[in-house]
Amino acid sequence: MKEIFKPIPNYTDYQVSNIGRIKSNERIDEAGKLRKERVLKPTNNGFGYLQIRLSKNKNTKIYQVHQLVAIAFLNHKINGHKIVVDHINHKKTDNRVENLRLVTQRQNASHLKRETSSKYTGVYWSKRDKRWIARIRINGV
């Protein structure tokens with residue numbers, strides 16, 4: 001597959017590729033120093049997802065790599081938890097565009113993500129407690 005880079009909206013100094021790599025464009029920084037184009041190294045956010053820091057006008061913001069890929073290639077608009085980006089193969093670090101899809105938060109929470117999950121929404125097998133557990137949350141409660 002050929003790697004294709006697209007600009008990241010609102011961040012003219014950065015681009016994202018269809019295989020999930022982020023690069024900074026060649027530019028002159030605030031100190032007048034030439035910064036060469038380079039591929040940035042993402043970090044793990046502690047939950048298994050890759051994240052990257054983007055800077056604009058001396059402000060830095062952290063983005064999940066899969067969200068940037070979805071924004072550039074799937075026309076995703078970040079809007080809280082209404083529509084979210086789902087990893088089709090359930091590998092949180094596989095940020096290729098063909099592995100990502102846009103789903104509702106309900107769909108994302110409902111489909112089977114573990115072998116020990118029940119076919120019923122909100123029901124899963126607890127290895128620690130050695131029993132089935134059912135949980136449901138309505139309006140955050």
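Annotations
- For a straight C-alpha distance cut-off of 20 angstrom, the aspartates and glutamates reachable from Lys36 (same-chain residues fewer than eight places away being disregarded) are Glu3, Asp13, Glu26.
- Accessible surface of the range 1-104, 1.4 Å probe, proportion on carbon and sulfur as whole %: 50 percent
- Two-site FRET efficiency, Asn10 against Leu40, from Cβ-Cβ distance with R₀ of 25 Å, rounded to 0.05: 0.90
- Accessible area expressed per residue, the range 31-141, with surrounding protein chains retained (probe 1.4 Å, Å²): 77 Å²
- Largest to smallest principal axis extent of the C-alpha atoms in the chain, angstrom: 62, 36, 27
- Under 5 Å from the amide H of Arg35 lie the amide H atoms of Arg27, Ile28, Asp29, each residue being 5 or more positions distant or on a separate chain, with H modelled from the backbone and absent for Pro and chain starts.
- Under a Gaussian network description of the chain, with springs only between Cα atoms under 10 Å, the residue in Asn25, Asn59, Asn99 that fluctuates furthest is Asn59.
- Placing +1 on each Lys and Arg Cβ and -1 on each Asp and Glu Cβ, with no other charges, gives the chain a dipole about its Cα centre of roughly 440 debye.
- The mean sequence distance of close C-alpha pairs (under 8 Å, at least 6 residues apart), as a share of the length of the range 1-123, puts its relative contact order at 18 percent.
The values are calculated or read from the model by the stated rules, or taken from the named source; none is laboratory data. Since the model is a prediction, treat every value here as computed from it, not as a measurement. Neighbour counts are summed over all protein chains in view; Cβ atoms, including those assigned to glycine, are modelled from backbone coordinates with ideal geometry. Heads up: the accessible areas ignore ligands, DNA and RNA and are worked out on the full protein's heavy atoms, side chains in. Shrake-Rupley method; radii C 1.70, N 1.55, O 1.52, S 1.80 Å.
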